[in-house]
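Chemist: Have a look at this one before I ask anything.
The values are calculated or read from the model by the stated rules, or taken from the named source; none is laboratory data. The shown structure was predicted, so the numbers you read here are calculated from the model rather than taken from an experiment. Note that each Cβ is placed from the backbone with ideal geometry, even for glycine, and that neighbours are counted across all protein chains shown.
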Amino acid sequence: MNKMVLIGAIMAGLLVFTAVIAPALTKYDYRAQNLSERLLPPGARHIMGTDELGRDLFSRMVYGARVSMIVGVIAVLISTIIGLLIGSIAGYFGGIIDSTAMRLVDVMLTIPTLFLILMMVVFLGPSIINIMIIIGLTSWTDIARIIRAEVMSVKKTAYVDAARLIGLGRARIIIRHILPNIMGPVFVYMTFGISGAILTESGLSFLGLGVQPPYPSWGNILTAGKDYISTAWWLVLFPGIAIFMAVFSCNIMGEGLRDRFNPRIKD
Amino acid sequence: MGPNQAAIISVKGLSVDYITGPVEKLHALRNVNLEIAAGESAAIVGESGCGKTTLAYSLLKLGPKNSVLSGDIVIDGISIGAAKGEQLRGVRGKTAAMIFQDPGESLNPVFTVFQQIKEAVNAHMSPVPDDGAMRLLARGMLKDAGLDDAGRVLNAYPHQLSGGQQQRVMMAIALSCAPKILIADEPTTALDVTVQAQIIKLLLSLKKEHNLTLALITHDLNVAVMLCKRVVVMYAGEIVEDGMISGIAQAAHPYTHALFDIIPDMRSGRREFRAIPGSVPDLRYPPAGCGFEPRCPRAREKCKRIHPEMEAGARCFFPYETRRIE
Amino acid sequence: MKRYLIKRMILMIPVILGITVITFIIIHLTPGGFVKTNMEMNVKVSPGAMEHLKALYGLDKPLYAQYLDWLSRLARLDFGDSFIDNRPVIDKVLERLPATLLLNITSIFVIFILGTIIGVTGALRRNSVYDRIMTFVTFTGYSVPAFWLALIMMMLFAVKFPILPVSGISSINYEMMGPFEKILDVAWHMVLPVFITAFGGLAYISRYVKSSMVEVLSRQYITAAYAKGMKEKEIIFKSALKNSLMPVVTLLGLSLPGIIGGSFIFETIFAWPGMGRLAYEAAMSFDYPVIMGTVTIAAALTILGNLLADIAYAMIDPRIRYK
């Protein structure tokens with residue numbers, strides 16, 4: 001197995017593991033405020049220190065991992081499903097349906113995504129669920145294009161014609177013949193999609209438009225960090241590194257997968 | 001080539017390997033020896049993969065980065081293997097010019113013909129002529145290459161020209177610095193048949209007019225024989241025959257013989273295409289004996305075990321009898 | 001070339017329409033109608049605003065009529081007035097536009113130039129130590145959350161080594177500076193935001209330039225150039241470079257939405273008085289008209305930018321210019 005995929009998978013695996021066993025890792029409740037212990041640097045009792053409300057940073061970080069994971073995965077699932085649907089319908093039926101779909105893609109690409117997300121967040125209200133849906137609704141264009149191209153090229157091959165002659169229904173053709181060919185690029189896309197979603201979510205949370213306190217997100221921990229930059233470096237360093245690790249591991253996995261699934265070009 | 005004629009191209013013991021993997025090597029050329037005299041025209045023929053293109057590119061050290069050369073090439077007294085920088089550039093385009101197979105691909109799509117001629121001239125002429133003088137020069141070159149509306153062609157971009165026009169431009173560029181040698185890599189292959197005839201005529205007249213030494217690379221025996229008296233036949237990275245061949249009567253090596261034999265000829269009345277049965281050896285693992293042995297109708301036990309050397313112009317233990325023209 | 005450009009412009013029309021439809025849909029998705037929600041949540045809204053809004057957005061009319069209304073207002077760039085200060089939205093957006101343009105255009109230049117340098121040098125020294133380091137650095141840059149990097153930079157330059165300004169577009173004593181000093185002052189303030197924006201975009205562009213260059217260098221016309229006896233520098237930086245940079249122009253056009261969108265984060269962090277920051281402030285105070293205005297103008301900027309990129313490409317590539 002590709003070295004890059006391995007490294008990425010290990011890193012990501014560690015993060016996922018931390019997220020899953022979160023409750024077991026810490027004795028503090030991530031919501032528990034203790035104003036007498038505000039802004040403590042990392043020490044024996046709080047291994048990552050405390051935030052501006054005296055909450056244990058390590059607990060918030062570890063639960064924040066859960067948020068990132070869930071948002072990342074679900075947002076990507078949503079965008080992949082939308083992309084799969086639009087891409088395969090556009091690719092398979094062609095003609096006007098295809099043109100319309102492509103124009104829709106153009107529209108999505110023209111409105112700067114963050115502005116679009118911003119607008120949706122403001123009108124629909126910020127919450128974890130809304131964020132997942134919104135990110136999913138705004139990032140399906142890449143996968144739709146890939147799927148459409150694959151469907152169009154597979155459609156031309158002889159064996160789909162053969163299947164049609166035998167009388168298999170359209171849906172069956174799509175599912176059994178076309179889908180297996182596109183799994184590779186889809187996995188690559190999903191991997192990069194997760195890192196993108198995590199970046200977007202943490203950015204939004206940082207600006208106060210994503211996960212709302214008291215629920216912890218690496219992004220919204222940084223919001224407080226911003227105000228205490230000079231005094232509480234741990235509030236800035238740890239969440240940032242965590243986001244970086246999550247994004248980096250997904251990106252590396254994505255690169256490795258991409259090398260594996262694409263025709264090998266000697267670099 | 002007679003013993004008194006000086007060789008302007010001298011290839012000695014040239015071997016070229018392509019590195020295709022951490023331990024894998026493709027032995028594209030194996031110990032090639034070739035001498036071409038000044039003013040001579042030699043056609044280097046063979047099927048794809050025989051090494052003729054590798055040989056052509058090596059003459060001007062144009063091989064890809066993963067190629068390893070051993071042996072030497074001397075062009076007009078300069079050792080190509082050792083040459084670098086200024087010295088190498090002095091040979092390229094000035095002593096020896098090269099034209100390539102697909103003229104559309106060999107011209108830079110984003111520069112005009114004039115700009116590309118200018119590049120060639122500026123590479124070697126000093127002092128550099130000004131634009132007005134350059135235009136006059138360029139027009140003259142294009143006219144020599146048979147392009148009548150030189151004015152329009154000069155300002156055109158390659159994609160606005162036909163294949164034949166592009167090839168003529170290529171030739172004009174190649175001859176712009178009055179080279180002694182012209183290396184032509186499959187100059188007619190990418191062209192229509194009618195255009196091919198024109199280009200061949202052009203090559204013949206330019207050759208005579210500029211007293212060029214011509215090294216013609218081609219897989220088309222007809223073209224080879226039309227342009228050159230001397231034919232050098234390559235197979236599996238080696239020269240297997242070298243001599244004044246104009247037809248099957250002069251073919252000594254069985255491979256050459258087969259090549260001439262399979263050409264459908266209007267006069268013979270035969271219409272079907274034939275092929276030489278079998279396939280070329282895998283040059284990652286060159287055979288110990290004769291490379292052509294598996295497909296050779298005259299092969300015997302000896303051919304499998306011992307590697308034949310060149311003898312009387314043919315690398316074969318059992319060549320055909322020939323009627324050579326001297 | 002004319003035909004190519006006309007074709008591109010015609011394709012733009014459905015896109016523009018689509019944008020109007022999408023913005024319209026989002027506005028009306030607000031649960032309970034945004035006027036009501038707004039009234040309930042936002043203390044800052046002046047009492048007359050709600051009536052004004054209702055009339056303005058024709059919220060009592062049937063949907064298609066509302067959409068046509070929306071279209072006609074968009075054509076006139078009339079987004080209504082801000083909920084906060086009752087000033088016309090379009091005015092507020094236009095006064096912030098120059099700052100955003102300044103930042104974004106500079107960033108694009110920096111990304112283009114640096115990306116080209118890194119990409120070309122990477123192509124020339126493939127698989128060398130330099131290449132591997134650059135690939136790793138740009139890859140890391142791609143994975144670092146930009147807003148975090150901005151925070152770190154702020155920490156470094158505001159607290160530890162206060163040499164670069166971390167907020168605003170100009171210093172307090174700006175008004176008192178001479179014209180040359182003013183330019184320098186703004187430029188100085190731009191260093192950090194541009195750097196951060198460029199850091200993320202570099203990875204993608206430099207990698208694209210590198211692969212484009214590698215592909216071009218393998219073409220026969222480059223071999224032919226060597227055969228002509230041209231100098232290597234001329235071959236690489238003249239013959240090859242022009243060919244490999246052409247698709248980059250298109251790519252930059254495609255990265256526009258990302259850069260414009262990203263400016264919203266950077267402007268907020270660095271208190272840069274641009275459109276993005278306006279959008280953020282509007283978001284925080286539920287100033288819906290301003291939000292709609294900024295989003296629409298941002299989309300318009302992208303369309304314009306793409307059109308410019310198309311024109312530039314058509315002019316550079318002789319195969320399109322002279323068909």
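Chemist: How many residues, within region C:295-305, are within 7 Å of chain A (Cβ to nearest Cβ) and either crowded, with 22+ Cβ neighbours inside 10 Å or touching an Asp or Glu at 6+ places or on another chain (Cβ under 7 Å) (or both)? Let's see the steps before the verdict.
Modeler: Filtering region C:295-305 down to residues within 7 Å of chain A (Cβ to nearest Cβ) leaves C:295, C:298-299, C:302-303.
Next, only the ones that are either crowded, with 22+ Cβ neighbours inside 10 Å or touching an Asp or Glu at 6+ places or on another chain (Cβ under 7 Å) (or both) stay: C:295, C:298-299, C:302.
Looking only at that region, the number is 4.
Chemist: From the set of residues in region A:219-235 that are at the interface with chain C (Cβ under 8 Å from one of its Cβ atoms) and surrounded by fewer than 22 Cβ atoms within 10 Å (Cβ to Cβ), which is farthest from the chain's Cα centre (by Cα)?
Modeler: Ranking the qualifying residues of region A:219-235, first place goes to A:230.
Chemist: Can you work out which of the residues in region B:90-135 that are among the hydrophobic types (A, V, I, L, M, F, W, C) and in a loop (DSSP other than H, G, I, E, B) is farthest from the other protein chains (Cβ to nearest Cβ)?
Modeler: Going through the qualifying residues, I end up with B:128.
Chemist: Could you tell me how many of the residues in region A:82-101 are outside any helix (DSSP H, G or I) and at pLDDT 90 or above?
Modeler: Total satisfying the criteria: 0.
Chemist: For residue B:144, work out the one condition from (1) in contact with a strand residue (DSSP E or B) (Cβ under 7 Å, 6 or more places away or on another chain); (2) more than 25 Å from residue C:317 (Cα to Cα); (3) not polar (S, T, N, Q) it doesn't fulfil.
Modeler: (1)
Chemist: Please find, among C:236, C:222, the residue that is touching a residue at least 40 places away in the same chain (Cβ under 8 Å) and closer than 23 Å to residue B:98 by Cα.
Modeler: C:236
Chemist: Separate question: What residue, of C:214, C:186, is under 26 Å from residue C:100 (Cβ atoms) and of a type in the set (A, V, I, L, M)? Steps first, please.
Modeler: Details: C:214 fails: under 26 Å from residue C:100 (Cβ atoms).
Exactly one residue qualifies, and that residue is C:186.
Chemist: Show me the helices (runs of 4 or more DSSP H) entirely contained within region B:136-237 in which 1 or more residues are closer than 20 Å to residue B:46 by Cβ and within 14 Å of the chain's Cα centre (by Cα). Working first, answer last.
Modeler: Numbers: elements: B:150-155, B:163-175, B:193-210, B:221-227.
Because the criterion is at least 1 residues that are closer than 20 Å to residue B:46 by Cβ and within 14 Å of the chain's Cα centre (by Cα), the helices (runs of 4 or more DSSP H) in region B:136-237 that meet it are B:193-210, B:221-227.
Chemist: Of all residues in region C:73-113 being among the aliphatic types (A, V, I, L, M) and outside any helix (DSSP H, G or I), which is nearest to residue C:201 (Cα to Cα)?
Modeler: Of all residues in region C:73-113, those among the aliphatic types (A, V, I, L, M) come to C:74-75, C:77, C:84, C:89-90, C:93-94, C:97, C:99, C:101-103, C:105, C:108, C:110-111, C:113.
Narrowing the set further to residues that are outside any helix (DSSP H, G or I) leaves C:77, C:84.
On the way: C:77: 31, C:84: 35 Å.
The selected residue is C:77.
Chemist: Let me ask you something else. Tell me the residue from C:158, C:150, C:203 that is among the small types (Gly, Ala, Ser), touching a Gly at 6+ places or on another chain (Cβ under 6 Å), within 13 Å of chain A (Cβ to nearest Cβ) and under 23 Å from residue A:219 (Cβ atoms), please.
Modeler: Sole residue among the options that is among the small types (Gly, Ala, Ser), touching a Gly at 6+ places or on another chain (Cβ under 6 Å), within 13 Å of chain A (Cβ to nearest Cβ) and under 23 Å from residue A:219 (Cβ atoms): C:203.
Chemist: Still on this structure, please answer the following. Taking into account only those residues within region B:61-86 that are of a type in the set (A, V, I, L, M), closer than 23 Å to residue C:125 by Cα and surrounded by 14 or more Cβ atoms within 10 Å (Cβ to Cβ), which is farthest from the other protein chains (Cβ to nearest Cβ)?
Modeler: Once the filter is applied, the top-ranked residue is B:69.
Chemist: Condition first: in a strand (DSSP E or B) and at pLDDT below 90. Now tell me which residues in region B:33-69 satisfy that.
Modeler: B:67, B:68, B:69
Chemist: Conditions: (1) in contact with a Lys or Arg (Cβ under 7 Å, 6 or more places away or on another chain); (2) within 7 Å of another protein chain (Cβ to nearest Cβ). Residue C:262 meets all but one. Number of the miss?
Modeler: (1)
Chemist: Looking only at region C:271-287, decide whether some residue is crowded, with 19+ Cβ neighbours inside 10 Å, touching a residue at least 60 places away in the same chain (Cβ under 8 Å), among the hydroxyl-bearing types (Ser, Thr, Tyr) and within 9 Å of chain A (Cβ to nearest Cβ).
Modeler: no
Chemist: Same structure again: Does region C:127-138 hold any residues that are closer than 20 Å to residue C:193 by Cα and either surrounded by fewer than 19 Cβ atoms within 10 Å (Cβ to Cβ) or modelled with pLDDT of 80 or more (or both), and which are they?
Modeler: If the condition is that a residue be closer than 20 Å to residue C:193 by Cα and either surrounded by fewer than 19 Cβ atoms within 10 Å (Cβ to Cβ) or modelled with pLDDT of 80 or more (or both), then C:137 is the only one that fits.
Residue by residue, here is whether (1) within 11 Å of another protein chain (Cβ to nearest Cβ); (2) within 20 Å of residue A:114 (Cα to Cα) holds:
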| site | (1), (2) |
| --- | --- |
| C:102 | no, yes |
| C:107 | no, yes |
| C:118 | no, no |
| C:136 | yes, no |
| C:146 | yes, yes |
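Chemist: Just checking, does region B:107-128 include any residue being surrounded by fewer than 19 Cβ atoms within 10 Å (Cβ to Cβ), of a type in the set (Asp, Glu) and more than 24 Å from residue B:207 (Cβ to Cβ)?
Modeler: no
Chemist: Something else: Looking at this structure, is residue A:186 more than 30 Å from residue A:55 (Cα to Cα) and modelled with pLDDT under 75?
Modeler: Judged against the criteria, residue A:186 is not a match.
Chemist: For residues that are within 8 Å of chain C (Cβ to nearest Cβ) and in contact with a Phe, Trp or Tyr (Cβ under 6 Å, 6 or more places away or on another chain), scanning just region A:185-218, find the one that is surrounded by the fewest Cβ atoms within 10 Å (Cβ to Cβ).
Modeler: Going through the qualifying residues, I end up with A:203.
Chemist: Follow-up question, since we're still on this one. What's the number of the condition residue B:192 fails, among (1) within 22 Å of residue B:292 (Cα to Cα); (2) modelled with pLDDT under 90?
Modeler: Only one criterion is unmet by residue B:192, namely (1).
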